[in-house]
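Below: the structure, in structure tokens.
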Amino acid sequence: EFELVVEVQPELTLNRLGGFSLNRTVPPVTDDMVTEQIGRLREQRSSWLPVEGALPAPGQMVRVEVAPIEDGAVQEAQPYDLVLGDGQAIPALEERIMTLLPGQTVDTEVRFPDDHADESRRGKSRSVRLTLHEVKRQELPTLDDAFAREAGDFETVAALETAVRTDLTAQAMREADAGVREQLVQQLVEANNVAAPPSLVDRMLHSLLHAYGVPHEKAEQFHAEFRPIAEAQVKRELLLGSVAEREKLHATEADLDARIARMAEQRKVTPAQIYTSLEQAKRLPELTRSITEEKVFGHLLPQSTVTEATS
């Protein structure tokens, strides 16, 4: 004889599903936001031109080699391509790079900042041999009608700006809707005393650990920082799963087929191609969960009051 003890999915008693007050805030899309987004489009299509005979400056791209010096011996050099000022290297190293001309090499000491991501290096100094090979400056394309046509078949810059503003507005509305859903989940969790079983939280943390590629030696710190996030996610999944089960709102094959057909129409391909792509990427379960969540929120939101707020 033997006794097997297994943990089962907790059954939730949902006594309240509606009557909540929710705020939906859609921030306005400003001219500065449109300009910033168009600036990103220009950066994506920019060229990098060589700079000669001048010290590198923030915003420029450099190609360097950094070789650690240990006990007076120069170790193997590692090449790096980085944009100064983007935080790709520690400040002390960037400052030293900006004192060199292309082709120069210097032995120097750099200090790691006190808030460096690697705790073992915080506040410590290291000797390195630094070689600057190349400096390039970014050349942005001119913002004119030709650029608009290249960026998306828009006839004029004004048409491009209108399209960007429309996209930003749609994004703001999606984020506002997501905010309403998260408010509802939080109030439902509190009203129904939804708890997060430790084993499910640990499993969620394990998944996040692998998803972010966190090294083993930092697992304990990661668990401590991300446990509240994992607990909230577990409560969310338990709550929505329970509502879907109780109200029979799980995505059906017909729901999945309809969504895939809509995606195929938008991308001007066949549903079979979309299905194959999702299957190969192992994203069909993700799409199914998304449809189920939409149906759950479609059932829950009409039971509460959503007030449009201004930001």
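The values are calculated or read from the model by the stated rules, or taken from the named source; none is laboratory data. Small disclaimer: the values here were computed from a predicted structure and weren't measured. Here Cβ is always computed from backbone atoms with ideal geometry, including for glycine, and neighbour counts include all displayed protein chains. These area figures cover heavy atoms from the full protein model, side chains too; ligands, DNA and RNA do not enter into them. Shrake-Rupley method; radii C 1.70, N 1.55, O 1.52, S 1.80 Å.
Some points to look at:
- For the chain, the C-alpha radius of gyration divided by 2.2 N^0.38 Å, with N the number of residues, is 1.38.
- Estimated from helical segments only, the mean residue ellipticity of the chain at 222 nm is -16000 deg cm²/dmol, where each DSSP H run of four or more residues counts as -39500 (n - 2.57).
- For the chain, carbon and sulfur atoms together expose 49% of the accessible surface, with a 1.4 angstrom probe and every protein chain in place.
- Residue-normalised accessible area of the chain, expressed per residue, 1.4 Å probe, Å²: 65 Å²
- The alpha carbons of region 1-136 give a radius of gyration and a Dmax of 26.1, 84 Å, in that order.
- Accessible-area value, His206, 1.4 Å probe, nucleic acids and ligands omitted, Å²: 100 Å²
- Separation of region 292-311 and region 194-254, taken as the distance between their Cα centroids, equals 23 angstrom.
- Accessible surface ranking for Val8, Val34, 1.4 angstrom probe, highest first: Val8, Val34.
- Shape descriptor for region 249-311: Rg over Rh equals 1.13 (Cα atoms; Rh from the Kirkwood inverse mean 1/r).
- All-pairs alpha carbon distance profile, region 202-306, 5 Å steps from 0, percent: 2, 11, 15, 15, 14, 15, 14, 9, 4, 1
- Proximal aspartates and glutamates relative to Lys124, as straight alpha-carbon distance under 19 Å, when same-chain residues fewer than 8 apart are discounted: Glu70, Asp71, Glu94, Glu95, Asp107, Glu109, Asp114, Asp115
- Ranked from largest to smallest solvent-accessible area, with a 1.4 Å probe on the protein heavy atoms, His250, His223 come out as His250, His223.
- The Stokes-Einstein estimate for region 141-286, based on a Kirkwood radius over Cα pairs and taken at 10 °C with 1.306 mPa s viscosity, is a diffusion coefficient of 81 µm²/s.
- Backbone N under 16 Å from the Arg165 label point (7 Å along Cα→Cβ), restricted to region 30-57: 30-39
- Helix 219-246 axis, angle to the chain major axis (alpha carbon atoms, nearest 10°): 30 degrees
- Test item: Cα-centred dipole of the chain, Lys/Arg +1 and Asp/Glu -1 on Cβ, debye: 460 debye
- Rounded to two decimals, the Cα-based Rg/Rh of region 80-192, with Kirkwood Rh, is 1.23.
- Cα long-axis angle, helix 157-191 against the chain (0 to 90 degrees, to the nearest 10): 50 degrees
- In this structure Met204 has an accessible area near 40 Å², from a 1.4 Å probe over the protein heavy atoms.
- By average C-beta atoms within 10 angstrom, highest first, the peptides 215-221, 187-193: 187-193, 215-221
- Counting only residues at least eight positions apart within a chain, or on another chain, the aspartates and glutamates with an alpha carbon under 16 Å from that of Lys235 are Glu11, Glu182, Glu190, Asp202, Glu245, Glu293.
- Candidate cross-link partners of Lys268 among the lysines, defined by an alpha-carbon separation under 29 Å and a same-chain spacing of 8 or more, comprise Lys282, Lys295.
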